[in-house]
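See below for the structure under consideration.
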Amino acid sequence: MSNRLNVAPNDLSAFWMPFTANRQFKQSPRMLASAKDMHYTTTDGRKILDGTAGLWCVNAGHCRPKITEAITHQAGELDYAPAFQMGHPIVFELANRLVDVAPEGMDHVFFTNSGSESVETALKIALAYQRVKGEGSRTRLIGRERGYHGVNFGGISVGGIVTNRKMFGTLLTGVDHMPHTHLPGKNAFTKGEPEHGAELADELERIVTLHDASTIAAVIVEPVAGSTGVLIPPKGYLKKLRDICTKHGILLIFDEVITGFGRLGTPFAADYFDVIPDIITTAKGVSNGVIPMGAVFVKKEIHDAFMAGPEHMIEFFHGYTYSGNPIACAAALATLDTYKEEGLLTRGAELAPYWADALHSLKDAPNVIDIRNIGLVGAIELQPIAGQPTKRAFSAFVKAFEKGCLIRTTGDIIALSPPLIIEKGQIDELVDCVRTVLNEVE
Ligand code: PMP
């Protein structure tokens, strides 16, 4: 058997890596060979503290035996089964278990394989629901600047990250964007929810007035925007959005692909902010990132509106070959068991004050212009180098990896979102690593 851990540089060219500067990476690759709990190990045997839960997904930590065993067992029992006009018990069991942890009223769940697919599914449910209940003129969708909703066409259309949109043509028509809520001048170095900016929700009223409510199907936002640099909603902002949507019969979708499953110290962000949307998209933490899976939660009245048609009809013309894949379901059930046994869906609340103090101790490190945090997620924003955006944070990422810590960067922002099993000593280690690195970067 070939040595799969050590890939010669010439062998790196076939894989066109996603969201990666491929040519640069392949000159000095960073290679992970194994993982356990809070750590990765590189192919050259170095331990790396995972400060990002992989890509915000490995909430229970790596290679947890219960999850590994569940997958192995399921793979030998029922490897694949369609969910079209067919079922298998664990997909129903998982759906029931998920609605038990989901916010009040989220009674039904549609399975996908990723966050991007969850977003497409949610947007399609919203549009179809408006039609099913006789409001087919509601076709417009509203997203937000700096929003990230995955990479498929619906998601990049409602999303607001320019680099992810600009190469791909006209995208979906009939989409508007509210302003983002990041007000560095007013809210810099806030712990938790910022004081200023709730009034930005009034922009939704302006868009509604412009187009008329009867044309608008849904609003989609990340309760805490993750990928664009951990933007925490100002106090009262989400409640205002909820009220405006309710007033005008517009569905509110929370994209909880990052915030779902304990990231904020509550099972979902909807619980944290006490604002219940109509649809919630999830992925990542649902299966601890181990097997691809996504889940879209909907309120009873949305589901029931689809079920009101003739009985022999398919109610919703949508689904994926791997919706409810048995091995993904087994991974998700074992993940939910692990969350429950170890109290992980609320552990972030216990650690949040310590996390906040640790992150904010970086305030005086060189080039730091903002620090923000909520639950077990946070960001350190750096002053960009003139004419070389992203360079400073990226060089911090490279140096941190060399020193044994995995951090994530987006633009000139360092984002941290460790597995929810992190111990206080490891928080200190992560923050010390960032401090050392910030003292070294240009
Ligand atoms: N929505 C949000 C809020 C996300 O953070 C992400 C991924 N970071 C996605 C959607 C897309 O998920 P995926 O990469 O699994 O398609």
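Connecting C-alpha atoms closer than 10 Å in a GNM of the chain, tell me which of 215, 282, 173 has the biggest fluctuation. Comparing 215, 282, 173 in a Gaussian network model of the chain, the most mobile one is 173.
Does the chain classify as rounded, prolate or oblate by the C-alpha gyration tensor (a ≥ b ≥ c root eigenvalues; a/c under 1.5 gives rounded; else a/b over b/c gives prolate, otherwise oblate)? Judged from the Cα gyration tensor, the chain comes out oblate (a/c at least 1.5, b/c at or above a/b).
Only one residue of 88, 33, 123 has its Cα farthest out toward the positive end of the dipole of the chain, where Lys and Arg carry +1 and Asp and Glu -1 on Cβ, and that residue is 33. When the chain is treated as a Gaussian network with alpha carbon springs shorter than 10 Å, the biggest mean-square fluctuation among 75, 225, 352 belongs to 75.
Could you size up the charge dipole of the chain around its Cα centre, putting +1 on the beta carbon of Lys and Arg and -1 on that of Asp and Glu, and report it in debye to the nearest 20?
Working: 42 positive and 50 negative charges, 220 e Å.
In debye, rounded to 20, the chain gives about 1060.
Given an 8 Å cut-off on Cα distances and at least 6 residues of separation, report the relative contact order of the chain as a percent. Please list the in-between numbers first.
Details: 858 pairs, mean separation 94.4, N = 442.
Relative contact order of the chain: 21 percent.
By DSSP, the beta bridges lying fully in segment 67-342 are antiparallel in about 45 percent of cases. Extending 7 Å from Cα along the Cβ direction at residue 402 and again at residue 301 yields two label points whose distance is 5.8 nm. When the chymotrypsin sites (Phe, Trp or Tyr not before Pro) in segment 313-365 are filtered for DSSP coil states and for at most 13 other beta-carbon atoms within 10 Å of their beta-carbon, the remaining sites are 317. By the beta carbon rule, with partners counted only under 4.7 Å, the chain holds these lone Cys residues: 57, 63, 245, 329. Loop-located trypsin sites (Lys or Arg not before Pro) in segment 77-164 (DSSP state other than H, G, I, E, B) with a sparse environment of at most 12 neighbouring Cβ atoms within 10 Å are absent. Estimated at 0.36 nm per residue, the fully extended path between residue 308 and residue 12 surpasses their Cα-Cα distance by 101.2 nm.
Computed over the chain with a Gaussian network model linking Cα atoms closer than 10 Å, the most mobile of 139, 228, 20 is 20. Comparing 421, 13, 45 along the charge dipole axis of the chain, the residue lying farthest to the positive side is 13, per the Cβ-charge model.
Throughout, read-outs are computed from the coordinates displayed, never taken from laboratory work. Quantities reported herein were computed from a predicted structural model and do not represent experimental measurements. All Cβ positions, glycine included, derive from the backbone under ideal geometry; neighbour counts span all protein chains shown.
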